[in-house]
Amino acid sequence: MKIKLKTTKAVLIAVLLSSITAIFLHTTSSAQEQTQQDREVVVLLDCSKSMEDVDSQYLAFDFVKGLAVSMPRKCRMGLVAYNNGVCASLPIGSSSTDIEKILSGLQYRQYGNAGAGMEAAVACFQNNQADKQILLISDGEIMMDTKEGTEESNQLFEQSVAEAKKRNIAIDVLAMGERIQEGHTVYAAAGSTGGTLYEVEDSMKLCSYIEKYLSGEWETSVSHVGKLDGTKAELTVSLPDCIMEKAKILLIGSQQNENMTLSGKAGRMDLSKGRNYTVVDIANPLSEHISIQMSSDTPMQVDAYLYTEYEYTMNTGYLYEENTQTAHIWVELANTEGHRLLDGHLGNGEMALYLDGQKTDYTISEGKAWIENTYSQSSTAHLEVRFMDPAGNYYGIREAEEEIIVPVVEKEEETDWFFWSVIGLFIIAVAGVFGISYKKRKGQQTIRRQVADLSSTAQVETAAPKNDFCGKIVVYVIHNKNDIDYPPESINLFARCRRESITLEWILDTCNLPLDLKGAEKIIFKPGADRSLVVKNNSRASVLIGRALLTKGQSYNLYYHEKVTFIFDQEDAEIEVHYKDLKPNER
């Protein structure tokens with residue numbers, strides 16, 4: 001019988017647990033994959049005297065400066081210049097200011113020792129996982145003052161190109177002017193390393209390669225946002241939102257940008273100007289519209305391009321409903337300041353969400369993307385986000401795995417009807433024996449009549465025993481929207497509470513915690529049996545005992561050394577109430 005009673009009690013507990021509709025679990029993404037591969041670029045610039053024949057206005061210098069200030073976050077740049085030998089060098093990761101400064105001291109002069117230049121460029125790269133690329137800007141000729149020197153430079157050039165191929169360094173050649181048909185040239189370096197040969201006959205068109213490299217070679221999301229034509233032009237560039245860390249507006253084309261005005265609000269806004277480019281560098285924009293006005297003595301043909309950069313962290317979690325076996329999985333993307341990206345333009349359908357490799361529909365609530373999926377047993381959900389923003393570049397985690405834990409519900413044991421039938425028959429038999437014995441004794445006794453005076457008998461009312469508050473509670477403010485640290489506060493319920501019920505609002509006021517939590521007055525505590533606290537949630541807050549989410553409107557018992565957690569999403573606050581026994585000296 002003792003075993004059967006324990007089994008029945010276990011079944012009752014399982015039934016009570018199954019009435020809890022949801023379990024809340026939270027986790028963060030464990031994958032650490034960056035959105036884009038880092039890239040290292042070394043510009044190798046031919047500064048020999050023959051370059052003046054194809055670039056008398058030094059527009060190659062202008063192109064390198066424009067490329068340096070347009071670099072996206074994932075790219076780092078270095079510089080090597082050569083004539084008779086290496087005449088200038090900057091390591092990978094140099095700033096655009098350093099590159100502009102060193103170019104201002106260079107001129108086209110002497111011969112073209114491309115071998116020494118290529119050897120120095122290859123040596124700039126470290127053995128890391130970044131994509132590596134050399135941009136060789138040259139008129140194409142390898143030429144020294146002697147035949148022997150030319151042969152030696154050419155041989156060193158070929159050896160350095162072979163070393164670049166061995167180290168997976170692609171070499172692009174931007175060949176200026178008409179192609180040289182005789183002698184030693186640099187053109188073959190592109191094909192042998194998997195690079196590209198660009199023949200640039202007109203140096204005025206060289207600056208257009210800034211956009212070509214950003215959107216093409218370097219796979220940066222860049223969007224064409226308009227043109228500035230004529231002698232006077234105005235353009236308003238609309239930013240997608242103000243959640244980004246940085247935005248850059250590139251103005252490519254011949255321009256007199258000293259006659260340029262700019263209006264807009266941002267944490268910082270810098271201008272970098274060249275002959276054929278202007279770059280507007282915007283950090284932490286505060287307004288979504290940037291206006292540009294330009295004027296020139298001659299008609300302009302300027303193309304405007306925009307690209308934005310977002311740095312974010314990816315968090316995931318889920319709510320599980322046992323009765324429907326449905327997991328409500330959520331994904332949150334937040335920038336470094338805690339702003340949710342889905343509150344910006346991504347919330348307009350410019351993000352795709354994949355579950356276990358399949359694109360899935362989602363809804364947005366409170367800055368999170370929510371999807372639903374059915375799980376009958378514990379599983380791992382693979383989540384992936386993809387961005388369809390034409391101008392957006394995102395730096396953070398794109399994939400995460402979420403462990404979906406499905407609670408195990410004990411099966412109700414089948415009733416042992418044979419056992420209970422035997423017990424029932426035994427009880428009936430015993431009752432029959434006692435009944436027969438009682439009748440025999442009653443028949444043998446003299447029947448006596450007694451009249452009771454019911455008017456003098458006091459009416460007895462039965463009532464359920466009243467429970468009193470016991471123990472004490474300790475209140476912890478885990479999180480609040482102002483990020484203020486409050487020390488733990490405690491209340492001796494046995495000594496201070498002489499009422500039938502209290503609310504969470506009363507607890508916070510009694511603890512002098514200045515938290516205005518909407519709905520706290522609807523969360524009720526009453527004394528329960530076995531010195532427990534009865535908790536009932538009538539508010540919109542999420543209430544958890546352990547990992548169990550309490551159903552709104554139902555009562556739950558909280559026993560000594562247990563805690564209950566209250567999460568107020570609208571006020572961004574989280575409160576824990578711990579229920580503890582009193583020590584003898586505390587009574």
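Being open to solvent by 80 Å² or more (accessible area, probe 1.4 Å), part of a helix (DSSP H, G or I) and not polar (S, T, N, Q) is the filter here, so list the residues in segment 143-169 that pass it.
Answer for segment 143-169, where residues must be open to solvent by 80 Å² or more (accessible area, probe 1.4 Å), part of a helix (DSSP H, G or I) and not polar (S, T, N, Q): Lys147, Glu148, Glu151, Glu152, Glu158, Lys165, Lys166.
Got a number for residues in segment 514-540 being open to solvent by 10 Å² or more (accessible area, probe 1.4 Å) and aliphatic (A, V, I, L, M)?
So the answer is 5.
For segment 520-539, which positions are at pLDDT below 90 and of a type in the set (D, E, K, R)?
Asp530, Arg531
Determine whether segment 23-42 contains at least one residue that is assigned to a loop (DSSP other than H, G, I, E, B), at pLDDT 95 or above, more than 30 Å from His328 (Cβ to Cβ) and of a type in the set (Val, Ile, Thr). It would help to see each step written out before you state the result.
Here is the first cut: in segment 23-42, the ones assigned to a loop (DSSP other than H, G, I, E, B) are 29-38.
Checking which are at pLDDT 95 or above leaves us with none.
No, segment 23-42 contains no residue that is assigned to a loop (DSSP other than H, G, I, E, B), at pLDDT 95 or above, more than 30 Å from His328 (Cβ to Cβ) and of a type in the set (Val, Ile, Thr).
So the check is Cβ under 7 Å with 6+ separation or different chains; which pairs have a first residue in segment 513-531 that's more than 27 Å from Asp581 (Cβ to Cβ) and a second one that's of a type in the set (Ser, Thr, Tyr)?
From segment 513-531, the pairs are Gly519/Ser539; Glu521/Thr503; Lys522/Ser539.
Can you give me the number of residues within segment 67-109 that are in a loop (DSSP other than H, G, I, E, B) and in contact with a strand residue (DSSP E or B) (Cβ under 8 Å, 6 or more places away or on another chain)?
Kept after step one, since they are in a loop (DSSP other than H, G, I, E, B), are these residues of segment 67-109: 71-74, 83-85, 91-95, 104-109.
Restricting the remaining residues to those that are in contact with a strand residue (DSSP E or B) (Cβ under 8 Å, 6 or more places away or on another chain) gives 71-74, 83, 91-94, 105-106.
So the answer is 11.
Being under 30 Å from Gly267 (Cα atoms) and either outside any loop (DSSP other than H, G, I, E, B) or of a type in the set (S, T, N, Q) (or both), is that true of even one residue in segment 321-328? Before you say what the answer is, go through the steps one by one.
Taking segment 321-328 and keeping what is under 30 Å from Gly267 (Cα atoms), we get none.
No - not one qualifying residue is present in segment 321-328.
Quick check, is Lys101 within 19 Å of Val186 (Cβ to Cβ) and either surrounded by fewer than 19 Cβ atoms within 10 Å (Cβ to Cβ) or without any contact (Cβ under 8 Å) to a residue 24 or more places away in the chain (or both)? Give the steps one after another, and end with the answer.
On the way: within 19 Å of Val186 (Cβ to Cβ): no; either surrounded by fewer than 19 Cβ atoms within 10 Å (Cβ to Cβ) or without any contact (Cβ under 8 Å) to a residue 24 or more places away in the chain (or both): yes.
Answer is no for this residue.
If we keep just the residues of segment 346-372 that are assigned to a helix (DSSP H, G or I) and in contact with a strand residue (DSSP E or B) (Cβ under 8 Å, 6 or more places away or on another chain), which is surrounded by the fewest Cβ atoms within 10 Å (Cβ to Cβ)? Don't jump to the end; show me each part of the working.
Filtering segment 346-372 down to residues assigned to a helix (DSSP H, G or I) leaves 346-348.
Subset that is in contact with a strand residue (DSSP E or B) (Cβ under 8 Å, 6 or more places away or on another chain): 346-347.
On the way: Leu346: 25, Gly347: 15.
So, considering only residues that are assigned to a helix (DSSP H, G or I) and in contact with a strand residue (DSSP E or B) (Cβ under 8 Å, 6 or more places away or on another chain), the one surrounded by the fewest Cβ atoms within 10 Å (Cβ to Cβ) is Gly347.
Only residues that are under 18 Å from Glu52 (Cβ atoms), in contact with a Leu (Cβ under 7 Å, 6 or more places away or on another chain) and either open to solvent by less than 20 Å² (accessible area, probe 1.4 Å) or outside any helix (DSSP H, G or I) (or both): list them for segment 178-213, please.
Selection gives Val186, Val200, Ser203, Leu206.
Do we have any residue at all in segment 137-151 that's more than 24 Å from Glu52 (Cα to Cα) and out of contact with any strand residue (DSSP E or B) (no Cβ under 7 Å at 6 or more places or on another chain)? Working first, answer last.
Residues of segment 137-151 more than 24 Å from Glu52 (Cα to Cα): 148.
Right, trim to out of contact with any strand residue (DSSP E or B) (no Cβ under 7 Å at 6 or more places or on another chain) and you get 148.
Yes, segment 137-151 has at least one match.
Output the residue which, of all residues in segment 474-488 that are part of a strand (DSSP E or B) and within 18 Å of Phe568 (Cβ to Cβ), is most open to solvent (accessible area, probe 1.4 Å).
Checking each candidate, the answer is Ile478.
Does Tyr375 count as closer than 30 Å to Val225 by Cβ and open to solvent by less than 70 Å² (accessible area, probe 1.4 Å)?
When the stated conditions are applied, Tyr375 does not pass them.
Whether any residue in segment 503-512 is among the charged types (D, E, K, R) and part of a loop (DSSP other than H, G, I, E, B) is what I want to check.
No: segment 503-512 contains no residue that is among the charged types (D, E, K, R) and part of a loop (DSSP other than H, G, I, E, B).
Kindly provide the set of residues from segment 254-286 that are open to solvent by less than 20 Å² (accessible area, probe 1.4 Å), modelled with pLDDT of 90 or more and not aliphatic (A, V, I, L, M), ordered by number.
Listed by number, the residues that qualify are Gly274, Asn276, Tyr277, Thr278, Pro285.
The values are calculated or read from the model by the stated rules, or taken from the named source; none is laboratory data. No experiment lies behind these values; they were computed from the predicted model shown. Note: ideal-geometry Cβ built from the backbone for every residue, glycine included; neighbour counts use all protein chains shown. Remember, those area values only see protein heavy atoms, side chains included, never the ligands or the DNA or RNA. Shrake-Rupley method; radii C 1.70, N 1.55, O 1.52, S 1.80 Å.
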